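For reference, the structure discussed in these notes is given below.
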Amino acid sequence: MSLSFVSGISSWALPRTRNVFKLNACPRVRNIQKRSFVLCNSGDEWFARESVSFHCTQCGKCCSNPGTVWANQEEIRKIATHLSLSEENFVSEYAKYFGNGWFQLKKKEDTFECFFLNDGLCSINAVKPLQCSTYPYWPDVVTNPGSWMIEARDVCEGINHEEAPQIPADHVREQLQTATKYFESIKLPSPTRDRQ
């Protein structure tokens, strides 16, 4: 069984929106606090049939694109500790609280680059949020071979790179399931409620 997301009205819950599919492509619509997306059980694990390869080239493009990086309270705690900061100081400087234990990591104002990207390398790699560690196996990227190729063309040079190893379907499936559970767990308050 393969779970895949199809982008909907907003990309609040997902790292970025593809909008390659129509909302009626899958029968079940889920709503995360008025931010809709479609969750579809296609049963098509195309990555088990086709050649999928990936190797991080440390180009930093995935960390310098539009999109939201979410972190939960435990992830914030780990990152703050790693940087020898209090959680309060870390959040004040690098994150925005959205409620229900979820934070959005801030990006540099003049670019879309993550604050923790230094010379193409992640300075918090050992404690980076699960959203980051499961990339590029996000539901909106692994939806189908077309979305995988779009990601390779537009963002990630490590996807299908000539030196990239073949990725076993079990690994892709495990990472996809982990990312799916993570994105489904994001519980944000209504946009009309005050945020701390």
Which trypsin sites (Lys or Arg not before Pro) from the stretch 84-181 combine a DSSP loop assignment with at most 12 other Cβ atoms within 10 Å?
LYS108
Can you pull the percent of the stretch 88-155's accessible area that's carbon plus sulfur, 1.4 Å probe, other chains left in place?
49
Which order do the peptides 59-65, 87-93 take when ranked by the mean count of other beta-carbon atoms within 10 Å per residue, highest first?
59-65, 87-93
Once phi for every residue in the stretch 63-70 is put through the Karplus expression 6.51 cos²θ - 1.76 cosθ + 1.60 (θ = phi - 60°), the whole-Hz ³J(HN,Hα) values, with Gly and Pro written as x, are 9, 9, 10, x, x, 10, 10, 9
Run the dipole for the stretch 43-155 about the Cα centre, Lys and Arg Cβ at +1, Asp and Glu Cβ at -1, nothing else charged, and hand back the magnitude in debye, nearest 20.
120
Counting other Cβ atoms within 10 Å, which GluC sites (Glu not before Pro) in the stretch 122-178 have at most 16 and lie in a DSSP loop?
GLU157, GLU162, GLU163
Keeping all protein chains in place, calculate the accessible area per residue for the stretch 123-183 (probe 1.4 angstrom), answer in Å².
44
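The values are calculated or read from the model by the stated rules, or taken from the named source; none is laboratory data. Note that the coordinates shown come from a computational prediction; the quantities given were computed from them, not determined experimentally. Cβ sites come from the backbone with ideal geometry, for glycine too, and all protein chains shown count toward neighbours. In case anyone asks, the SASA skips ligands and DNA or RNA and just uses the protein heavy atoms, side chains included. Shrake-Rupley method; radii C 1.70, N 1.55, O 1.52, S 1.80 Å.
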